[in-house]
1. Given an 8 Å cut-off on Cα distances and at least 6 residues of separation, report the relative contact order of the range 31-105 as a percent.
2. For the range 31-105, go through all pairs of different Cα atoms, get the mean of 1/r, take its inverse, and jot down that Kirkwood value in Å.
3. Based on the mean of other Cβ atoms within 10 Å per residue, sort peptides 67-73, 40-46 so the most packed one is first.
4. Using a basic spin-label model with each label point 7 Å from the Cα along Cα→Cβ, how many nm lie between SER57 and PHE86?
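Bear in mind these aren't lab numbers, they're just calculated from the coordinates by the rules spelled out. Bear in mind that the values here come from a model prediction, so they are computed numbers and not experimental data. Note that each Cβ is placed from the backbone with ideal geometry, even for glycine, and that neighbours are counted across all protein chains shown.
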Amino acid sequence: MAWIICAFIVTSMVYLLTPQAVTKGANSHMLGLTAITQPKLLMILPLAMLTWLAIRSFSMPFSFFTLAAVSFVSTSIVLLVPKWRFAILPCAFLSLLSVLLGVIWG
């Protein structure tokens, strides 16, 4: 229950602190980041998390919660790539099923 409250607080803070109107020229003065577009920049963290989860999952026994973590991260990657958005529901269903199985058999 605590993680739901923490997630709600974090999403509320992101919503409140994100500027509502961003101009196109706002990121042109950032040095070093002009070559990376916004979707590619947003893809770095989920890919890093997925790589870390893959390395960790091979070093420990199988768990449904590990599968849930991988499916949560894959859902965020699917949301960032517009051509893959048809796979949102299967990823979400895999997340739900793996969490339920982890709670029941964990």
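1. Relative contact order here is 32 percent.
2. It works out to 13.5 Å.
3. 67-73, 40-46
4. In this crude label model, SER57 to PHE86 measures out at 2.3 nm.
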